[in-house]
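Just below is one structure, and these are the notes that go with it.
The values are calculated or read from the model by the stated rules, or taken from the named source; none is laboratory data. Since the structure is predicted, the reported quantities are computational estimates derived from the model, not experimental observations. Here the Cβ positions follow ideal geometry from the backbone for every residue, glycine too, while neighbour counts run over all protein chains shown.
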Amino acid sequence: MQRKLLIVACLFAGSFSVFAQKPKTDAVKDASVAGKSDYKKIGSELPDLRVYRSDGVFLTNETLKNDAPLIIMLFNPTCEHCEDETMLLRDNIALFKKTNLVLIAAAGMEPYLSYFFNNTKIADIPKIQVGTDSSGFIQKTFRYESLPQINIYDKDRKLVKVFTGDTPLEALKPYIQ
């Protein structure tokens, strides 16, 4: 009899703990209330940005301020699609009069940047700034769909659009100044 009561009590406690868990949507709300933002959502603010360029300069939210959109491309320097997208930007750089362009690779990818610069021929185009993430920006914004990922922020640095994979220039044009 005690054994049966013990089994029933264990089953009841186990089922109670499963049904007592909050759904994932509440967990997301709790995270935002606790001060953690979902930087992947349209309308979210640009998270803290700290990009280390190979010339020793750090790009930050402050250094990238202007009255125009900011286009950030998350990329891998050994990815052919990323190279192709970069060459598309390079070949149409005249369209980007005010818009800042920043390409961000993951920390630790510094050894591959010279390979990337050699293949894309963008080292002499100051409008396209390239560096590695040193603030966790990629972890906060990458959607884990495909590379490259292009995040477009408006002049107030709110996320307005995200493209993943190969993105045609026509899709980017409405966001360029």
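A few notes on this one:
- Screening ASP133, ASP154, ASP166 for residues that are surrounded by fewer than 19 Cβ atoms within 10 Å (Cβ to Cβ), in the same structural domain as ARG53 (by TED's automatic domain parsing) and over 20 Å from GLN177 (Cα atoms) leaves exactly one candidate, ASP166.
- Within segment 41-61, the residues that satisfy the criterion of being surrounded by fewer than 17 Cβ atoms within 10 Å (Cβ to Cβ) and either outside the structural domain of ASN151 (by TED's automatic domain parsing) or over 13 Å from the mean Cα position of the chain (by Cα) (or both) are GLY43, ARG53, SER54, ASP55, GLY56, VAL57, PHE58, THR60, ASN61.
- When segment 81-103 is limited to residues that are more than 15 Å from GLY165 (Cα to Cα) and aliphatic (A, V, I, L, M), the one that is surrounded by the most Cβ atoms within 10 Å (Cβ to Cβ) turns out to be LEU101.
- Qualifying residue in segment 143-161 (condition: in contact with a Leu (Cβ under 6 Å, 6 or more places away or on another chain), charged (D, E, K, R) and either modelled with pLDDT of 95 or more or in a loop (DSSP other than H, G, I, E, B) (or both)): yes
- Within the set THR60, THR99, the sole residue that is in contact with an Asp or Glu (Cβ under 9 Å, 6 or more places away or on another chain) and not hydrophobic (A, V, I, L, M, F, W, C) turns out to be THR60.
- Residue count, segment 136-145 (criterion: on the phi < 0 side of the Ramachandran plot and loosely packed, with under 15 Cβ neighbours inside 10 Å): 3
- Check on ASP84, part of a loop (DSSP other than H, G, I, E, B) and either among the β-branched types (Val, Ile, Thr) or in the same structural domain as ARG53 (by TED's automatic domain parsing) (or both): no
- You will find that of ALA68, ALA94, the residue that is part of a loop (DSSP other than H, G, I, E, B) and not hydroxyl-bearing (Ser, Thr, Tyr) is ALA68 and no other.
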